[in-house]
1. Can you find even one residue in the range B:366-380 that is more than 7 Å from every other protein chain (Cβ to nearest Cβ), modelled with pLDDT under 95 and not in a helix (DSSP H, G or I)?
2. Please report, ordered by residue number, the helices (runs of 4 or more DSSP H) entirely within chain A with at least 2 residues that are open to solvent by 80 Å² or more (accessible area, probe 1.4 Å).
3. So B:C88 passes all but one of these: (1) assigned to a loop (DSSP other than H, G, I, E, B); (2) over 25 Å from the mean Cα position of the chain (by Cα). Which condition number does it fail?
4. Scan the range B:239-258 for residues that are surrounded by 19 or more Cβ atoms within 10 Å (Cβ to Cβ) and closer than 16 Å to B:M188 by Cβ and report the count.
5. What about B:T343, is it more than 30 Å from A:K74 (Cα to Cα), at pLDDT 95 or above and within 14 Å of chain A (Cβ to nearest Cβ)?
6. Residues in the range B:421-453 that are more than 14 Å from every other protein chain (Cβ to nearest Cβ) and crowded, with 24+ Cβ neighbours inside 10 Å: how many?
7. Applying the selection to the range B:296-321, what residues are under 18 Å from A:V11 (Cβ atoms) and surrounded by 18 or more Cβ atoms within 10 Å (Cβ to Cβ)?
8. Taking B:Q417 as meeting all but one of (1) free of Cβ contacts under 8 Å to residues at least 12 places away in the same chain; (2) open to solvent by less than 50 Å² (accessible area, probe 1.4 Å), write down the number of the exception.
Amino acid sequence: MRVDIAEVEHVALLARLQLSAAEKEVFTNQLNAILEYVAKLNELDTKGVEATYHVVPHHNAMREDQVKESLPPKVSLENAPDQAQECFRVPKII
Amino acid sequence: MYRLTIHELHERLKGKEVSAQEVTGLLLERISTVDPQIKAYLLVTAEEAMAQARAADKRITAGGIALLTGIPLAIKDNMCTQGIKTTCASRILENFIPPYDATVVKRLKDAGGIILGKTNMDEFAMGSSTENSRFTITHNPWQLDAIPGGSSGGSAAAVAADACIAALGSDTGGSIRQPAACCGAVGMKPTYGRVSRYGLVAFGSSLDQIGPLTKDVEDCAIMLNAIAGHDPFDSTTLNIPVPDYCKVLVKDIKGWVIGVPREFFGEGMDPEVEGNVTAAIKVLEGMGARVKEITLPHTGYAVATYYIICTAEASSNLARYDGVKYGFRSPAAKELMTMYRETRSEGFGPEVKRRIMLGTYVLSAGYYDAYYRKAAQVRTLIKEDFERAFQECDVIITPTAPTPAFRIGQKVQDPLQMYLSDIFTISVNLAGVPAISIPCGFSNHGLPIGLQIIGRHNDEERIIQAAYTFEQNTDHHAKRPALA
């Protein structure tokens, strides 16, 4: 499978990236080189092999539903690029 | 004094030969002497360190000394430090000041450890040379035109240059072990789940693990004792007892079976690396271990599997950098979608963008099964390789990296070549098993070479014992670079 510039543009949109014309070209070439390399996985027959998403056995880690101390709003907002009235402020959405 | 290990310095602090304040002062002086050439640190927190040293001295006077009390340490800049900038070597977090400490940082502080500062790394821990830092390049203390390895290159270089006593790094595909090998330090990636990731900036969540970078194996055990264990803030930590790793600092591997995987030796391996690793295996054999050739048949697929899984996880983890809650926001954007896209495009460097692109692609509609699911299945095969191999051996020994440290700039234009520097370390993360890298010799050009010892799940003890036995019968770890 090879990707072209249009597909790179589509993926960039999904990833919320804005690529320059030069970046689009470089990434198209590099992604193709990497995809060509990883295609070697197709040499392996994995029919019926279970997928591993976690390497150690895990079950739901539950705890008692108790209220614990959390960060106060003022502290949570300290790193915000923009804030007002104890909220994060963002550019106009609609 | 700055050349000492944790255990050596501890004896002097305990004997009141020196105070924590004196030691911290000397280390800060050492940093100002050597770091202008090495550039291991992104931030030196001198004032805070001296305050912590005063507190440590009080504790020592009161008779409450622990092994890490008064020991100056360095922290990779992807672990949150309360009130101290944590940048991940990225523009997007350039001004981020965490409101809390990562669990590992808290544990070191609680033990009385002193934080000297935050070390350089590849941006978001993505890289094998520390050249992907957005702020500075770190130099290998053994040879300034060589890379220190990556992504924990700053921590490894700081340890090797005696600009700290020990350090923490993080390892997603080799990022502790490969820089340890490049800089002649000891570096361990514990079993997945052994050490809390709470407060570690996430990259590949099913692979990331924090571990120590130290001057010898005993220090590695001391650091691991301090940071290992279940954490209610990280539900992926293992809720099982943590042994005392200092108890296995024993010089004995008589009767042990050392597995040597044939896939790791052969074509393309640097002859100096092969020579030194083969000699190291002979040393262990001389100490009573039995060497057995084993097979890890899916080794050749590890890099491909890794670059699908880690980029998929990264693209999802890094979706949080949207310019809203913290970090950089592009000032120009007047509308939300443009703000997201401009913020992320200006905030992330090329390697991070490349991985986000690849990860987004392999997870996108129509490609998920062909790439991501396929890789997760191959991951099962790789994990089973290890389980099978460990039925017939106690530990597995390989080189840590295919070559000694390469020159700065040599591989920056070719991401795939860079990815292949992790060829010997990556399968360990995919399988979730623990591994250590220890120095086992030097190239003709005077660059260190690392030996990797891999263990079973939750069996850090055996790799520490094997590493200690090797180290105590050799003197590679005692050598230091000749810095001005």
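1. yes
2. Numbers: elements: A:5-14, A:21-38, A:73-76.
It comes to A:5-14, A:21-38.
3. For B:C88, the failing item is (2).
4. Qualifying residue count for the region: 3.
5. On the way: more than 30 Å from A:K74 (Cα to Cα): no; at pLDDT 95 or above: yes; within 14 Å of chain A (Cβ to nearest Cβ): yes.
In short, no.
6. To start, the set of residues in the range B:421-453 that are more than 14 Å from every other protein chain (Cβ to nearest Cβ) comprises B:421, B:424-425, B:436-453.
Among the residues that remain, those that are also crowded, with 24+ Cβ neighbours inside 10 Å are: B:421, B:424-425, B:436-440, B:448-453.
Summing the residues that are more than 14 Å from every other protein chain (Cβ to nearest Cβ) and crowded, with 24+ Cβ neighbours inside 10 Å in the range B:421-453 gives 14.
7. If we filter the range B:296-321 for residues that are under 18 Å from A:V11 (Cβ atoms), which is where we start, we get B:307-319, B:321.
Correct list: B:Y307, B:I308, B:I309, B:C310, B:T311, B:A312, B:E313, B:A314, B:S315, B:N317, B:L318, B:Y321.
8. (2)
The values are calculated or read from the model by the stated rules, or taken from the named source; none is laboratory data. Worth saying up front: this structure is predicted, and the values here are computed from it rather than measured. Glycine gets a Cβ as well: all are built from the backbone with ideal geometry, and neighbour counts include every protein chain shown. All accessible areas refer to the heavy atoms of the entire protein, side chains included, with ligands and DNA or RNA removed. Shrake-Rupley method; radii C 1.70, N 1.55, O 1.52, S 1.80 Å.
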